[in-house]
Structures are given as structure tokens and as C-alpha cells.
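Below is one structure, written out as C-alpha cells; the observations come after it.
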Amino acid sequence: MSLRCPAGLPFLLLAAAALLAAGCADPAPRAESAEAAPPAPAGDGPIVIPAPPENAGTGPAALSWQAPDRWIAETPASTMRRAQYRISGPGGDAELVVYYFGPGQGGDPMANVQRWAHQFTQPDGSPSFEAMQVTDLEGTAVPVKMVEVTGTYTGGMGSGPGDAMDNAMLLGAIASGPDAPWFFKMTGPEATVRSEREAFIALLRGVRAGS
């Protein structure tokens, strides 16, 4: 009596043998986790700009200063503002804002001076940059470039264009920090800003690196 293989049995035997061989092989290697992956070489990937410190006057890259008690410290209106003060005076309230944009940020000092000048217009239509006074302040612990201009104020850095203010004045300064410039910008009615000029200079002469 002879036995006959059912149709298709050879194919099933071959398939079973292939599965048995696969089970004996080494498993496929797993992909490394993101934590275990080696860091990309320098120059690869996007450049990440570190965020500025949470508070002005802290950390090795910071500058510190002492503002007059009569200047009212306020919560900064944006992350670019490291400090903010409201200053009352004979012409109404003025504002002093201190900006720090992070390590290596902030741009060329004179480019920022020109930007500040362009936020003012002169009564005779002449360029405000020509009317602006720029002085390298003496007697400071860090290099400070001081800026003064008057006219009609049309907008502020970091807040966009605002309502034009006639008879306005800017007292500004660019102080060299350990890793980037810091920008001090007082704007408001000329009568108020001019009355605080000596206090502003005293603040700048007291600016120090570090907390």
C-alpha cells in the first residue's frame, strides 16, 4: 500500500523550514534611543541662541546697577526687557527700559544708535541722526556709549510704532557686558527726561559687571 502526499504539502514543508531558520538567526539590532545617540559634530544642525537670564543683575554675564528710589520699578512688558522703570517728572511720566538679547546678540552699537535716531523726527525735517549727541562716557566701570536726542518720538524698540509724542527726548546708553551689549533707553516728555539726566548718568557710572 503506497501513501500519496496531499497536494501542496511540499510547499508547506518548505515554508516551515524557512520559519525555523529565521527563528535561529540573530534578532535585528534596535535603533539607539535619542539619549544614547552621540552628539552631532560642531557645525551640524541649527544654531541655538541661549535664552537671556530670567532676572537682570544675576549671573556672570549680567550687569548690575542702582536706580534712584524715586524711579518706580515695574514688571518688564516683554522677555527682551531685563528691567523697566516709570519715572515721574514735570512733563509727565517717562520710561526707562533696559534690554539684553542674549550672548553675542544686540548688533553693532552704532547701528542701534542710528535706529534710535530714526525713531525721532525734527521740526525742520532734518535727519535726527545729525542732531543726536553720542558720547563715550568717562568714569565708568564698563565701556558706555551715551546717546541724546530730542524731537517728535514715533516709536520704541521692542514695542513697535506708537503714538507720536511731540517735545520728546531720548537718553540712551549702550554698556558693554561680559558677553553682549546692554541697552538703556529712557524716553518721554523732554522736560521730565532732561530733569533726570544727571541721575541717568550717575546710574551709568555705577553699572558693574556681574551680580
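The values are calculated or read from the model by the stated rules, or taken from the named source; none is laboratory data. Worth saying up front: this structure is predicted, and the values here are computed from it rather than measured. Positions of Cβ are generated from backbone atoms using ideal geometry, with glycine treated the same way; all protein chains shown enter the neighbour counts. Just the protein is used for accessible areas: all its heavy atoms, side chains included, with ligands, DNA and RNA removed. Shrake-Rupley method; radii C 1.70, N 1.55, O 1.52, S 1.80 Å.
Below is a table of values for the structure above.
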read-out	value
Spin-label model distance (nm) - Asp166 vs Thr154, 7 Å beyond Cα toward Cβ	1.7 nm
Residue-span extension gain [Gln133 to Asp69] - 0.36 nm each, minus C-alpha spacing	20.3 nm
Length-normalised contact order of the range 83-199 in % [C-alpha pairs under 8 Å, at least 6 apart]	31 percent
Surface share of carbon and sulfur [accessible, 1.4 angstrom probe, percent] for the range 106-208	49 percent
Gain on full stretching of the segment that runs from Ser126 to Asp108 - 0.36 nm per residue minus C-alpha separation	4.1 nm
Residue-normalised accessible area of the range 97-211, expressed per residue, 1.4 Å probe, Å²	44 Å²
